Every structure is written in structure tokens, then in C-alpha cells.
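Trainee: Once you've had a glance at the structure underneath, I'll fire off some questions.
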Amino acid sequence: MDWLTTVDHKKIGILYLIAGALFFGIGGIEALLIRWQLIKPMNDFVSAQTFNELITMHGTTMIFLGVMPLIFALMNAVVPLQIGARDVAFPFLNSLGFWTFLFGGVLLNISWVMGGAPDAGWTAYTPLSSKLYSDTHGVDFYTVGLQIAGLGTLIGGINFLATIITMRAPGMSFMRMPMFTWTAFITSAIILFAFPAITVGLVLLSFDRILDANFFDVSEGGNPVLWQHIFWIFGHPEVYILILPAFGIISEVIPTFARKRLFGYSSMVFATILIAFLGFMVWAHHMFTTGMGPVANALFSISTMLIAVPTGIKIFNWLFTLWGGQIRFTAANLYASGFIPTFVMGGVTGVMLASAPADYQFHDTYFVVAHFHYVIVGGLVLGLFSGLHYWWPKMFGRVLDEKLGKIGFWFFIIGFHLTFFVQHFLGLMGMQRRIFTYLRGQGFDTLNLVSTIGALLMGVGVLVFLFNVIVTTRKPAGAPNDPWEDGRTLEWSIPSPPPEYNFKQIPLVRGLDAYWKEKMAGHTEMTPAEPVGSIHMPSASILPFVMSAGIFVAGLGFMYHQYVVLVLGLVITFACMAIRSLYDDHGWHIDPEETTEKGVKE
Amino acid sequence: MSAPHAEQVTSALPHEPEKATLEGRNKVLAFWLFLGGEAVLFGTLFATFLALREQIADGPSANELFKLPIVAAATFILLVSSLTSVFAIQAMHRGNKKSLSLWLIVTVILGLGFLGLEIYEFVEYVTHEKFGMTTSAFSSAFYTLVGFHGAHVLFGVVWISLLIGQLAKKGLTVVTAPKVYVSAMYWHFIDVVWVFIFTVVYLLGKVG
């Protein structure tokens with residue numbers, strides 16, 4: 001019950017972690033089923049229809065319900081601590097964002113047992129996703145489920161923007177913010193400007209399917225390419241929503257384990273902002289083959305290639321940070337170091353794809369599949385594992401087992417390269433993406449077998465991590481404030497896990513890497529910026545859960561044309577909003593003498 | 001710190017009560033951010049409409065359909081309601097709760113008037129012109145864009161009405177002031193969106 005009503009950002013972070021891990025597991029099982037189907041030519045392990053559902057749900061689940069919540073988990077667990085805040089700007093909204101995401105994700109996934117999952121690819125291109133070609137309720141689950149989950153993401157994004165702008169501790173100027181907080185900030189800004197586009201796209205598609213509108217129906221004047229534009233105006237920035245937090249994690253982990261400050265901090269900030277800006281300018285590079293014409297193709301080619309410049313700045317800054325450092329290869333740092341070459345490989349194929357004439361060859365082949373998995377798995381997922389190993393002691397008070405962490409890393413990264421490296425060549429040889437089987441003797445057999453074996457190894461790597469989590473959780477808590485001993489940022493200056501109020505006294509920040517600066521000055525803790533006093537805390541509330549449940553009910557009603565159910569769901573949601581608005585909630589306080597025993601989390 | 005009693009707060013209400021507390025400042029900031037997202041939302045809807053406005057299939061065209069006098073009347077009503085919400089905020093800054101509530105009530109009535117005209121317009125189109133959601137790509141884009149705006153107006157009317165009730169119950173405090181302030185921001189925003197709808201949908205449909 002405590003978990004249903006919590007508004008504590010640290011607990012919400014753990015909720016995001018559990019839910020994200022669950023969906024990550026589902027998406028991973030779907031991936032293994034896909035690879036198992038492709039292990040040999042003319043395999044009949046699953047049917048073509050099931051295969052379509054698997055690839056659609058694998059992509060959708062991983063992007064929206066797996067890795068994004070894991071990013072939000074780390075942001076929730078770490079960002080308020082890094083900026084020296086007691087909480088986020090809107091604790092209630094934070095909880096609402098989580099529950100809306102979870103109910104949206106559940107809605108999407110119950111499609112498996114409610115008459116068929118979406119089967120039009122994770123991009124849901126029209127007319128494939130129109131009623132004519134996809135006549136189950138699958139795509140309806142896609143439009144409504146993603147709509148609800150997207151709402152939660154948008155709420156979370158606005159909350160983090162406001163938090164980072166207004167809640168920084170005294171002395172923490174923008175140019176003293178830790179890199180992970182910077183990337184969380186920029187990612188939230190991208191979310192704010194990208195998600196409304198997909199909101200509109202999903203509305204249009206659901207209107208076409210449920211209300212018989214004609215946005216994408218050519219016979220009534222509609223235009224399917226419109227969907228592609230709207231989808232990628234959201235979809236391309238989404239890629240940077242995913243990768244920038246990984247950049248932030250790497251920028252925290254590498255300086256800590258190289259015992260050096262991050263090389264080129266201000267150029268890192270500049271590069272992050274530039275990548276975010278360019279990310280909005282390049283959506284049509286997904287559409288070179290739709291006939292936009294040579295001028296548009298050339299412009300989108302060039303603007304896409306420009307992104308390699310700030311990304312290159314980042315790569316070199318990490319290398320220069322490692323250069324001459326006293327490097328310790330902990331599990332977290334192994335993942336971070338493994339990230340660098342892997343991500344560079346993904347970036348290079350990205351520049352290849354950005355060349356419009358070459359893209360006519362690569363388009364819709366396994367080369368593209370290899371590219372984006374190198375960026376998203378080799379970039380983001382390695383970054384997430386690095387961040388989880390790094391911040392696990394801060395979140396749970398227990399250090400993950402180093403030996404198991406390293407074993408998991410080697411399984412994962414070897415499996416990863418086995419799976420996806422060969423897919424470049426499969427693509428160049430002409431194997432299309434999204435096919436459920438292939439004929440013997442086209443030269444695809446061996447490489448597909450290798451790819452599937454790699455996928456299994458990656459699965460083993462993830463299982464080792466899970467085993468590590470279980471083993472670690474059974475051990476007694478007792479991680480020190482700063483288990484890595486070289487922690488540089490504010491979160492390492494308070495106990496692990498932090499007490500409910502985070503900071504007994506808000507710290508005074510005197511430079512970049514605030515905690516490191518104090519340690520170098522011979523201090524063991526931060527100088528407080530305020531006297532000891534009673535701490536105001538927000539009250540827990542069940543309303544976010546009920547509101548999200550209401551939206552869930554309304555979504556089901558809309559899909560099945562049950563307008564009574566739709567109205568009932570909306571009434572539940574709006575009633576909760578009215579209750580929240582009419583009854584002021586002043587929260588509660590922790591008194592100074594209680595701070596030692598009360599609020600310390602078990 | 002228990003919540004200060006409403007009267008005490010009113011007597012010592014600061015000059016800009018909506019920005020007096022951190023919560024209030026957060027609320028105003030986050031609402032600006034939210035409006036940024038809303039701008040993208042309407043931008044995408046406008047782009048969709050512009051892409052499909054000539055695609056009338058077998059249905060009526062914009063030029064045959066729209067009657068400017070009624071749209072002009074609706075525009076006038078909505079723009080005046082923006083002015084009355086400014087009067088409301090000015091009253092709030094003077095600390096005059098009565099005048100504030102009065103101007104909010106006027107704003108709500110004008111908003112309802114606008115909605116009435118819009119509903120009348122839609123009913124006319126559907127019953128007399130055989131122009132519904134399913135008629136053409138143009139009709140789908142029209143109803144979605146204008147309907148989204150209408151839904152925003154409806155939401156604003158309900159929201160401000162609830163706020164009037166809160167003001168009566170709790171008075172003008174540092175808790176209620178930010179709520180009134182952001183609702184006025186919201187109201188201005190949907191007015192601005194309407195100016196674009198008037199231009200892009202109706203004027204361009206008649207003469208463009």
C-alpha cells in the first residue's frame with residue numbers, strides 16, 4: 001500500500017526500475033523468440049502473423065516501456081540528489097507520471113490475450129496499420145496504450161525540467177551541474193517538444209481506425225506519408241531522448257573511476273545541447289525513399305551528418321578523461337568503457353545511412369537493424385547497466401557483487417557483438433528486415449545462426465545480472481556514503497540509501513564536482529547552506545493511481561466503442577483532479593530532533 | 001507550520017501572490033513549459049490541416065461551407081474573454097477578491113457563449129451540409145483541429161468555474177492565487193490558438 005501511494009522520488013525511482021525491468025524482460029523474450037525463428041532457413045517455429053506481432057511488440061515494448069522507464073528510474077533516483085534537493089518540484093505529478101506509464105504499458109501488453117497484438121511494425125506505418133490491413137484490435141491497443149504511457153512520460157519530463165530549474169542547491173549554477181543532471185534536463189526538454197507530436201499522430205490514427213476518419217485513407221483524400229512525417233518528427237528526437245542520458249551516465253562513471261575530472265566539461269554541455277537541437281532537424285532521414293526529391297534528401301543528409309560533430313566531441317572527451325587517469329575497471333567502468341567503441345561503431349554506420357544515395361541500398365535491410373541496435377543496445381543499454389552498477393549502492397544500500405558484474409558484462413558484450421555485427425553483412429547481402437523466414441542457399445544461414453547464438457549469450461548476461469541482484473539483496477545492507485571512494489557529486493555526500501528527506505541541511509555548492517571539491521579541501525562533508533530546521537514533506541496520495549486507472553478504463557471503452565465505459569473512466573479521472581484541486585494538502589514535517597531516527601528508510 | 005488561516009493571508013497578501021511561494025513559482029514555470037508542449041501539439045494539428053485542406057473528396061469545400069459572420073462573432077466573444085481574464089488578474093493584484101470572482105464569471109460566460117456558437121456551427125454542418133468526420137480528409141482534419149480547440153475551451157470553462165468555487169470557499173491566498181494565474185495563462189493560450197484557427201482555417205478557406 002505504501003508503494004501505491006508514495007510520492008517519494010527515490011521510491012518512485014525503484015518503482016520505475018521494477019516496472020521497466022519487467023517490460024525489458026518481456027521485450028527481451030520477444031527478441032529471443034524472433035531470433036529463434038530466424039535460426040535456420042524455412043523455420044516454422046512461429047507463424048508469419050505471430051512473427052509480425054513479435055517484432056512490433058519487441059520494438060514498442062523496448063523503446064517505450066523498457067528503456068525509457070529505466071532512464072526515468074535513474075533520473076528519479078539520482079537527479080534530486082545531484083542538485084542537492086529534498087524532492088522534485090511536483091512529487092504528486094511524479095507519482096501520476098509513473099502510474100500513467102504503467103497503466104499504458106499494461107494496456108498495450110494485454111493485447112496478447114485480448115485477440116491479437118499490434119502487428120504493423122513499431123512504426124505502425126499506414127496503410128499497414130489501417131483497418132484494411134490490420135483488422136484485429138491490435139493497433140488500437142498500440143494507439144491507446146502508447147497515448148496513455150506517453151502522457152506519463154510528458155508529465156515526468158515537465159516535472160524534471162521544473163525541478164532542475166528551480167530546486168538546485170545554493171551555489172549550483174547551471175555550469176556546475178553534474179553531467180547526468182544536464183542530460184536529464186536536455187532529455188526532458190526533448191520529451192516536452194517531441195511527445196506532443198506523437199500524441200497527435202496517435203490521435204489521428206485512432207480516429208481513422210475507431211471513428212472512420214480519413215487522415216491516411218487515400219481514397220478519401222488522406223495521405224499515408226503524413227503519418228511518417230508526424231511519427232518521425234517525434235521518433236527521431238526520441239532516439240536522443242534515449243541516448244543522451246546514457247551519455248550522462250558515462251560522463252559520471254568515467255571520471256569517478258579514472259580519478260580525474262571530466263575533460264572538457266563545458267564542451268560536453270554544449271555538445272549535448274547541440275545534439276538535442278540537431279535531433280529535431282533530421283527526422284526525414286528516415287524517409288529518403290518516400291520520394292521527397294533530391295533537394296530535401298540532400299538537406300536532411302547533411303544535417304544528419306552534422307550530428308557526428310558534437311558526438312565526436314563527446315567521444316574524445318571521454319577518451320581524454322581516461323588518458324592518464326588511475327583507471328579502476330569495476331563492473332560499472334567496464335560497461336562504460338565498453339560503451340565507447342561500441343557506440344562509435346553504431347555512429348559510423350549512422351553516417352553511412354545518412355548518405356541518401358547509399359540509403360537506397362541499405363533501406364529496410366538488416367544493415368539498418370544492426371545500426372540502431374548498435375546505438376540503442378550498444379549505447380543506451382550498456383550505459384544503463386553501467387549506471388545501475390554505479391548507483392545501485394546509493395539506491396539500495398548494497399554494492400552489487402563485482403565478480404558477477406564482470407561475468408555478466410563479458411557475456412553481454414560478446415553476445416551483443418555476435419548478434420548484431422554479423423547483421424551488417426546480412427543486410428549488405430540483401431536480407432530484408434521484418435521477414436519471418438528465408439530460403440536456403442542465399443548465404444544467410446550461417447550468419448543468422450551466429451546471430452541467434454549471440455542473442456542467447458546476451459540473455460545469459462542479463463540473467464547473470466538478475467542473479468547478482470538477488471544475491472546482493474540477500475546480503476545485509478551497509479554500503480558507506482561513498483562506496484567507490486572517489487565519488488565526485490552530491491549524492492555521495494549523504495547516506496546510502498538516503499533518508500526520506502535526502503539532505504538534513506541543504507548543502508552549499510562551491511564548484512563543479514561539489515563533493516570532490518570539499519574532499520580536496522580536507523572536509524568530509526558538505527558545508528550546510530541553512531541551519532538545522534524542520535523539513536517539509538509532501539503527503540502520500542492514492543489519487544495518482546486511481547486517476548491512471550480511470551484513464552485505463554476510458555481507453556478500453558474508447559477502443560471497443562463502449563461509450564458508457566469511456567465516460568465512466570473519464571469521470572473517475574476528472575473527479576480525482578477536482579478532489580486534488582479542492583482539498584489543499586499541506587504535507588507534513590520532520591522535526592530536527594527526529595531526523596536521526598525518523599524517515600530513515602529500511 | 002500549519003496552513004495559515006485564509007483571512008490572515010489575505011490581509012498580508014504580497015504584491016504578486018502567485019509568485020510568493022516556491023510552489024507558486026514552480027507552478028507558473030511548469031505551466032509555461034506545458035504550454036510549450038501544447039504549442040507543438042497544435043502545431044502538428046495545424047500542419048495536418050494544411051496538408052489536407054484541399055483534399056475534399058466528394059464533400060463540400062471550405063469556401064462552400066464557412067460563413068464568416070458567425071465565426072467573426074465567435075472570435076469577438078473569445079477575444080473579449082481574454083480581456084476580461086486580464087481584468088481578473090488585475091483585480092487579483094489589487095487584492096480585490098470580489099472583483100476577481102466577478103471578472104472570472106464574465107470570462108466563463110463568454111467561454112460558454114463561444115462554445116454554444118461552435119456547437120451550433122458543427123450541428124449545422126453535419127445536418128444541413130452532410131459534412132461529418134468521415135466525409136473527406138479535409139473534414140477529418142477540420143473537426144480534429146477545431147474540435148481539439150473546442151475541447152480545450154470546455155476544459156478551461158470547467159476549470160475556471162471550479163476555481164471560482166474555491167475562491168468563494170478559501171478566499172484569495174498564496175495557494176489559490178497561482179491556480180488563478182495559470183488558468184488565465186491557459187485561457188490566453190487558447191485564445192491565441194483561436195486567432196491562428198480563424199486565419200488558417202476560416203479566412204484561408206474563404207479567400208485562400
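The values are calculated or read from the model by the stated rules, or taken from the named source; none is laboratory data. If you're wondering where the values come from, they're calculated on a predicted model, not measured in any experiment. FYI the Cβ positions are ideal-geometry reconstructions off the backbone, even for glycines, and counts take in every protein chain you see. To get the accessible areas, we keep the full protein, side chains included, count just its heavy atoms, and leave off ligands, DNA and RNA. Shrake-Rupley method; radii C 1.70, N 1.55, O 1.52, S 1.80 Å.
Trainee: May I ask for the angle, rounded to the nearest 10°, between helix B:97-128 and the longest principal axis of chain B, with both axes built from Cα atoms and the value confined to 0 to 90°?
Mentor: 10 degrees
Trainee: According to a simple spin-label model (label point 7 Å from Cα along Cα-to-Cβ), what is the distance in nm between B:Thr127 and B:Ser161?
Mentor: 2.3 nm
Trainee: For segment A:478-602, what ratio Rg/Rh do Cα atoms give with a Kirkwood hydrodynamic radius? Each step should come with its number before you reach the end.
Mentor: Details: Rg = 22.2 Å, Rh = 18.3 Å.
In segment A:478-602, Rg relative to Rh is 1.21.
Trainee: Follow-up question, since we're still on this one. Distance from the Cα centre of segment A:206-261 to that of segment A:344-386, in angstrom?
Mentor: 15 Å
Trainee: Hey, another quick one. Given points 7 Å out from each Cα along the Cα-Cβ axis, report the A:His561 to A:Leu22 separation in nanometres with one decimal.
Mentor: 3.3 nm
Trainee: Once each part is reduced to its C-alpha centroid, what is the distance from segment A:116-157 to segment A:520-567 in angstrom?
Mentor: 26 Å
Trainee: So what's segment B:130-184 giving for Cα Rg divided by 2.2 N^0.38 Å, two decimals?
Mentor: Details: Rg = 17.4 Å, N = 55, 2.2 N^0.38 = 10.1 Å.
The value comes to 1.72.
Trainee: Another question about this same structure. Express in whole angstrom the spacing between the alpha-carbon centres of segment B:22-62 and segment B:114-150.
Mentor: A separation of 17 Å, based on Cα centres.
Trainee: Starting from the residue with the highest accessible area, list B:Ser61, B:Ser81, A:Ser173 in decreasing order, probe 1.4 Å. Before the final figure, lay out the partial values.
Mentor: On the way: B:Ser61 25, B:Ser81 0, A:Ser173 55 Å².
My answer, sorted largest first, is A:Ser173, B:Ser61, B:Ser81.
Trainee: Scan chain A and note any complete DSSP helix (H) whose C-alpha atoms cover at least 27 Å along its axis and whose Kyte-Doolittle average is 0.0 or more. Mind showing how you got there, number by number?
Mentor: On the way: long enough: A:9-37 (41 Å, 1.04); A:91-109 (28 Å, 1.17); A:138-166 (42 Å, 1.32); A:179-210 (44 Å, 1.68); A:224-258 (51 Å, 1.19); A:331-354 (34 Å, 1.30); A:402-428 (39 Å, 1.04); A:445-474 (44 Å, 1.55); A:563-582 (28 Å, 2.20).
Those that clear 27 Å and a mean of 0.0 are A:9-37, A:91-109, A:138-166, A:179-210, A:224-258, A:331-354, A:402-428, A:445-474, A:563-582.
Trainee: Compute the helix-to-body angle for B:137-170: its Cα long axis versus the longest principal axis of chain B, expressed 0 to 90° and rounded to tens.
Mentor: Approximately 20 degrees, to the nearest ten.
Trainee: Using bins 10 angstrom wide from zero, how does P(r) for segment A:281-339 break down, in % of all Cα pairs?
Mentor: 19, 31, 20, 19, 10, 1
Trainee: Hey, which lysines would be in cross-link range of A:Lys403, C-alpha to C-alpha under 18 Å, not counting anything within fewer than 8 residues on its own chain?
Mentor: A:Lys403 reaches A:Lys475.
Trainee: How would A:His561, A:His285, B:His149 line up by accessible area, probe 1.4 Å, largest first? Intermediate values should be presented prior to the final figure.
Mentor: Working: A:His561 85, A:His285 30, B:His149 0 Å².
So, going from the largest accessible area down, we get A:His561, A:His285, B:His149.
Trainee: Assuming R0 = 41 Å, can you tell me the calculated FRET efficiency for the pair A:Lys403 and A:Leu449, based on Cβ-Cβ distance, to the nearest 0.05?
Mentor: Values: r = 31 Å, r/R0 = 0.76.
For R0 = 41 Å, the calculated efficiency reads 0.85.
Trainee: Multiply the residue separation of B:Lys170 and B:Phe196 by 0.36 nm, subtract the distance between their alpha-carbon atoms, and state the gained length in nm to one decimal. Intermediate values should be presented prior to the final figure.
Mentor: Working: separation 26, 0.36 × 26 = 9.36 nm, distance 3.71 nm.
Full-extension gain reported as 5.6 nm.
Trainee: In segment B:66-170, what trypsin sites (Lys or Arg not before Pro) fall in a loop by DSSP, with at most 12 other Cβ atoms inside 10 Å?
Mentor: Numbers: sites: B:Lys67, B:Arg94, B:Lys97, B:Lys98, B:Lys130, B:Lys169, B:Lys170; in loops: B:Lys67, B:Lys130.
Sparse-neighbourhood loop trypsin sites (Lys or Arg not before Pro): B:Lys67, B:Lys130.
Trainee: Sequence neighbours fewer than 8 away in the same chain don't count; with that in mind, list the aspartates and glutamates whose C-alpha is under 14 Å from B:Lys169.
Mentor: Within reach: A:Asp584, B:Glu7.
Trainee: Which FRET efficiency value, to the nearest 0.05, do you get for A:Trp588 and A:Gln442 by plugging their Cβ-Cβ distance into 1/(1 + (r/R0)^6) with R0 = 56 Å?
Mentor: Values: r = 68 Å, r/R0 = 1.21.
Calculated transfer efficiency: 0.25.
Trainee: How much area per residue is accessible in the protein assembly as shown when the probe is 1.4 Å and only protein heavy atoms are counted (Å²)?
Mentor: Working: 31060 Å² over 810 residues.
Here the per-residue accessible area is 38 Å².
Trainee: In the structure shown, do any of A:Lys11/B:Lys27; B:Lys19/B:Lys97; A:Lys10/B:Lys19; A:Lys519/B:Lys27 have a Cα-Cα gap over 25 Å, and if so which? Could you put the intermediate results ahead of the total?
Mentor: On the way: A:Lys11/B:Lys27 23 Å; B:Lys19/B:Lys97 17 Å; A:Lys10/B:Lys19 28 Å; A:Lys519/B:Lys27 37 Å.
Over 25 Å apart, Cα to Cα: A:Lys10/B:Lys19; A:Lys519/B:Lys27.
Trainee: Can you give the extra length, in nm with one decimal, that the chain gains between A:Leu306 and A:Asp135 once fully stretched, where that is 0.36 nm per residue apart less the Cα-Cα distance? Spell out each step's value before the answer.
Mentor: Working: separation 171, 0.36 × 171 = 61.56 nm, distance 4.17 nm.
Length difference between fully extended and current span is 57.4 nm.
Trainee: Using only the Cα atoms of segment A:139-279, construct the convex hull and provide its projected area averaged over every direction, in square nanometres to one decimal.
Mentor: Mean projected area of the Cα convex hull: 10.1 nm².
Trainee: Bin width 10 Å, origin at 0, all Cα-Cα pairs of chain A: what percent of pairs per bin?
Mentor: 3, 16, 27, 27, 17, 7, 1, 0
Trainee: Compute the convex hull volume of the Cα atoms of segment A:265-395, divide it by the residue count, and report the result per residue in Å³ as a whole number.
Mentor: Values: hull volume 15.9 nm³, N = 131.
Cα-based convex hull of segment A:265-395, divided per residue, equals 121 Å³.
Trainee: Working with all protein chains in place, sort A:Tyr563, B:Tyr120, A:Tyr374 by solvent-accessible area computed with a 1.4 Å probe, largest first. Working shown, then result.
Mentor: Numbers: A:Tyr563 100, B:Tyr120 125, A:Tyr374 0 Å².
Of A:Tyr563, B:Tyr120, A:Tyr374, the descending order of accessible area is B:Tyr120, A:Tyr563, A:Tyr374.
Trainee: Could you check how much of the accessible area of the protein assembly as shown is carbon and sulfur, as a whole percent, using a 1.4 Å probe?
Mentor: Working: 21910 of 31060 Å².
Carbon-and-sulfur percentage of accessible area, whole number: 71.
Trainee: For the interface of A with B, what's the total buried accessible surface in square angstrom, probe 1.4 angstrom, rounded to the nearest hundred?
Mentor: Numbers: alone 23400 and 10620 Å², together 31060 Å².
Buried area (both sides, nearest 100 Å²): 3000 Å².
Trainee: Ok, one more. If I take R0 = 60 Å and measure r between the Cβ atoms of B:Glu23 and A:Tyr360 in this structure, what FRET efficiency does the formula 1/(1 + (r/R0)^6) give, to the nearest 0.05?
Mentor: Values: r = 55 Å, r/R0 = 0.92.
It comes out at approximately 0.65.
Trainee: Could you work out the Rg to Rh ratio of segment A:149-214, with Rh taken as the Kirkwood radius (inverse of the mean 1/r over all Cα pairs)? Walk me through the intermediate numbers first.
Mentor: On the way: Rg = 16.7 Å, Rh = 13.7 Å.
Rg/Rh for segment A:149-214 comes to 1.22.
Trainee: With N set to the number of residues, divide the alpha-carbon radius of gyration of segment B:1-154 by 2.2 N^0.38 Å and report two decimals. Please list the in-between numbers first.
Mentor: On the way: Rg = 20.8 Å, N = 154, 2.2 N^0.38 = 14.9 Å.
So segment B:1-154 has a normalised radius of gyration of 1.39.
Trainee: Under 13 Å Cα to Cα from B:Lys130, which aspartates and glutamates show up? Leave out anything in the same chain fewer than 8 places away.
Mentor: B:Asp58, B:Glu64, B:Glu121
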